[in-house]
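Undergrad: One structure, pasted below without further comment.
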Amino acid sequence: MSRKTILRRTLAGLATGAVLAIGAPLAASAHVTVNPNTATPGSYATVNFRVPTESETASTVKVEVALPTDTPLSSVLVEPVTGWTATVEKGALPAPVEVDGNTISDAALKIVWQADPGIGIGQDQFQIFSAVLGPVPDTGHLLLPATQTYSDGEVVEWAATPDQVAADDTLEPAPVLYINDAPPTGEHSHGTSTTAASATDDHSSEASATTSDSSSGVALGLSIAALVVAAAGAVLGALAFARRPKRA
């Protein structure tokens, strides 16, 4: 086999490896998630919905998060986001629910974030949408299905339950807030605990989520940098081998 052939195959292999190594972690993280993803029963949890744009041709212009109706939340507050209109849609529950001795027939059903004209989450971008949910019900977990609408009309439903995703990892997972249940083994936890109603606890939880996200970003950056250095070293080695004079 000629040296040129060896060099060509070496470079091709390195390119393929780089694409797989970098693309895999990025693809795995490109989901609509809730951070922190754990909460304490009875608390008022500040949660952050992280919405990335996966489309290469359109921007995200609308995000909807469906709230539970079997364990309704009596208090839902949203943080204003520049360039977006946030609305908490309320209405009748499918059936009345007993909460702390009170019968609730109406509750918050959905949170909608709508981008103003000319605004959107572009390619390779993400947006954080924050809300306070409470009191957190004493249950296993809350499924918070999200609907993501793009500027070209495409709609992505992030609605698969943890069990459905475990059986078929090609499904689009819904954000899940774990309460009494533990997050599935191997699931990335973007934060560790919920916030209470006090401002101090709210800020503490937000800082925890931010720290976790920053750590993940640093780890990914270091992995990519290491891969680049290794690839460069291999290329230089291949070039040196190709340039060695042939023995008589």
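The values are calculated or read from the model by the stated rules, or taken from the named source; none is laboratory data. Remember, it's a predicted structure, so these values are computed and weren't measured experimentally. Neighbour counts are summed over all protein chains in view; Cβ atoms, including those assigned to glycine, are modelled from backbone coordinates with ideal geometry. For accessibility, only protein heavy atoms count, side chains too; no ligands or nucleic acids. Shrake-Rupley method; radii C 1.70, N 1.55, O 1.52, S 1.80 Å.
Undergrad: Could you order Thr147, Thr85 so the one with the most accessible surface comes first? Probe is 1.4 Å.
TA: Final ranking, largest accessible area leading: Thr85, Thr147.
Undergrad: Moving to a separate point now. For Glu172 paired with Val156, estimate the spin-label separation in nm (one decimal), with each label point 7 Å from Cα along the Cα-to-Cβ line.
TA: With each label placed 7 Å out from Cα toward Cβ, I get 0.7 nm.
Undergrad: Still on this structure, please answer the following. Using a Förster radius of 30 Å, what is the FRET efficiency between Ile119 and Asp70 based on their Cβ-Cβ separation? Nearest 0.05, please. Before the final figure, lay out the partial values.
TA: Working: r = 35 Å, r/R0 = 1.15.
Efficiency computed from Cβ-Cβ geometry: 0.30.
Undergrad: Hey, another quick one. Note down the magnitude of the dipole of region 86-193 about its Cα centre, charges +1 on Lys and Arg C-beta and -1 on Asp and Glu C-beta and zero elsewhere, to the nearest 20 debye. Don't jump to the answer; show the numbers that get you there.
TA: Details: 2 positive and 16 negative charges, 67 e Å.
The calculation lands at about 320 debye.
Undergrad: Ok, one more. Search the structure for amide H atoms under 5 Å from the amide H of Leu93, placed 1.01 Å from N in the peptide plane, and list their residues when 5 or more places away or on another chain.
TA: Sorted by chain and number, the residues that satisfy this are Asp106, Ala107.
Undergrad: If each residue of separation counts as 0.36 nm, what is the full-extension length gain between Ile128 and Val88 once their alpha-carbon separation is subtracted?
TA: 12.7 nm
Undergrad: Give the residues of region 44-73 whose amide nitrogen is closer than 17 Å to a point set 7 Å from the Cα of Asp163 in the direction of its Cβ.
TA: Residues 70-71 fall inside that zone.
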